[in-house]
Amino acid sequence: MWKKFRFVGLALVLSLSLLLAACSGGDNSGSKDSSKAVGDQVDWQITGIDPGAGIMQATDRAIKEYGLDKWKLKQSSGAAMTAQLKRKYQQKDPIIITGWTPHWMFQKFDLKFLKDPKNVYGDAEAIHTVTRKGFKQDNPGAAKILDQFHWSQDDMGKVMLATADGKKPEEAAKEWVKKNQDKVKEWTKGAKKGNGKEVKIVYVAWDSAVASTNVIKTVLEDMGYKVTLKQVEAGPAFAGLSDGSVDAITCVWLPVTHKSYWDKYKSKLVDLGPNLKGGAKTGLVVPKYMKDVNSIEDLKAK
Ligand code: PBE
């Protein structure tokens with residue numbers, strides 16, 4: 001009975017798809033008909049994130065430099081972008097996003113960076129810890145910990161993955177800190193205890209930044225500091241550091257992604273150097289099942 005039912009079902013699906021194939025040529029935007037130009041497959045849309053992100057500025061430059069006149073960069077947010085990626089990925093539908101590593105999306109989905117022969121997105125970058133001017137004088141203990149904070153793409157990946165799997169960022173950070181006391185001891189070495197002294201950390205809602213911010217918050221709190229986190233857009237984050245209303249940030253990507261912010265505000269900021277070197281990269285990213293799209297050059301209208 002079930003066998004027969006399945007057979008009828010299959011026949012129905014087959015005839016339906018034949019019918020659909022016969023009718024195609026109408027508006028079929030966003031479908032996976034791979035005979036179409038990639039632009040038509042995705043409505044000439046790159047799925048972006050928050051407008052203040054450096055990767056959005058870089059993508060605007062890429063659109064100009066590669067002559068992608070028909071393309072639009074859609075503003076969104078990190079969370080909305082990954083939700084959209086997940087939906088498309090489950091259907092094996094095409095999608096082009098502004099992506100970066102370290103990010104859990106590369107652990108959850110089979111993705112690839114599009115080649116960037118004009119090097120618009122730059123080579124690999126480093127993620128820096130930056131404070132307001134005068135912070136070290138006001139709070140030498142916390143400044144020392146922030147200065148000594150450094151970890152690897154792998155470390156950050158673990159915290160991000162746990163969060164993507166449903167843990168609260170604070171919980172994922174606490175677990176990582178508990179398991180990695182050898183690293184944490186290096187960061188806190190020689191630093192004074194906080195005794196309730198306040199540290200205001202600013203960050204943007206990028207999953208990589210959420211991970212590093214929550215880890216450093218846990219470490220500072222374990223040392224007796226009172227940490228407040230403030231989540232804002234990238235522009236206000238740099239502005240807040242430069243006017244001294246917040247103390248520190250752990251998600252400044254240099255030399256490319258945050259160059260325009262850095263150039264504007266650097267005279268009022270102190271760069272404590274990289275907290276993550278190796279593996280920090282931005283670009284346009286697609287699922288690997290988009291076999292015909294390997295380079296940004298492939299996006300040009302044909
Ligand atoms: N990101 C993640 C940020 C920096 C960290 C690549 C989305 C940006 O583009 O500004």
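For the chain, a crude dipole built from +1 on the beta carbon of Lys and Arg and -1 on the beta carbon of Asp and Glu, taken about the Cα centre, is about 520 debye to the nearest 20.
What a 1.4 Å probe finds exposed on the chain is 54% carbon and sulfur by accessible area, rounded to a whole percent. In this structure the amide hydrogen of residue 128, modeled in the peptide plane, comes within under 5 Å of the amide hydrogens of 252, 253, 254, 275, none closer than 5 places in sequence on its chain. Taking the Cβ of residue 265 as the centre, find all other residues whose Cβ is under 13 Å away and add up their charges (Lys, Arg: +1; Asp, Glu: -1). That sum, taken over residues with Cβ under 13 Å, equals +3. For residue 45, the amide hydrogen comes within under 5 Å of the amide hydrogens of 72, counting only partners 5 or more places away or on other chains and with H modelled in the peptide plane. Coordinate range of the alpha-carbon atoms in the range 197-302 per principal axis, descending: 59, 30, 23 Å.
The fraction of Cα-Cα pairs per 5 angstrom bin, counted from 0 for the range 75-201, comes to 2, 8, 14, 16, 17, 15, 12, 9, 5, 2, 1 percent, rounded to whole percents. Across the options 47, 124, 106, the greatest Cα extent toward the positive end of the charge dipole of the chain (unit charges at beta carbon of Lys, Arg, Asp, Glu) belongs to 106. Helix 78-90 and the longest principal axis of the C-alpha atoms of the chain enclose an angle of approximately 30°.
Taking the Cα atoms only, what angle lies between the long axis of helix 2-23 and the longest principal axis of the chain, rounded to 10 degrees? It is inclined by approximately 90 degrees. When the chain is treated as a GNM, springs tying every alpha-carbon pair under 10 Å, which of 122, 196, 48 comes out with the largest mean-square fluctuation? With Cα springs under 10 Å in the chain, the top fluctuation among 122, 196, 48 is at 196.
For the chain, the longest principal axis of the Cα atoms and the long axis of helix 54-65 meet at an angle of about 50 degrees. Only the Cβ atoms of Lys and Arg (+1) and of Asp and Glu (-1) were treated as charged; on that basis the dipole of the range 128-178 about its Cα centre amounts to roughly 240 debye.
Counting only residues at least eight positions apart within a chain, or on another chain, the aspartates and glutamates with an alpha carbon under 12 Å from that of residue 179 are 155. Counting DSSP beta bridges in the chain, what percent are antiparallel, to the nearest 5? Of all bridge pairs located within the chain, approximately 60 percent are antiparallel. Once C-alpha pairs closer than 8 Å and six or more residues apart are averaged by separation and normalised to the residue number of the range 141-197, the relative contact order reads 60 percent.
For the range 125-280, relative contact order (Cα pairs under 8 Å, six or more residues apart, normalised by length) works out to 44 percent. Here the convex hull built on the C-alpha positions of the range 125-280 has a volume of 97 cubic angstrom per residue.
Calculated accessible area for the chain comes out at 51 Å² per residue, all protein chains present (probe 1.4 Å; ligands, DNA, RNA ignored). The helix-based estimate of mean residue ellipticity at 222 nm for the chain, built from -39,500 (n - 2.57) per DSSP H run of four or more residues and divided by its residue count, is -13000 deg cm²/dmol to the nearest 500. In this structure, the residue pairs whose Cα-Cα separation is over 18 Å, taken from 168/192; 64/118; 197/217; 72/291; 192/217, are 168/192; 72/291. At q = 0.09, 0.10 Å⁻¹ the log10 of I(q)/I(0) for the chain amounts to -0.52, -0.61, computed by Debye summation with a single uniform scatterer per C-alpha, solvent ignored.
The values are calculated or read from the model by the stated rules, or taken from the named source; none is laboratory data. Keep in mind it's a predicted model, so treat the numbers as computed, not measured. We place every Cβ from the backbone using ideal geometry, glycine too, and count neighbours over all the protein chains shown. Each accessible area value is taken on the protein alone, full model and side chains, heavy atoms only, with ligands, DNA and RNA left out. Shrake-Rupley method; radii C 1.70, N 1.55, O 1.52, S 1.80 Å.
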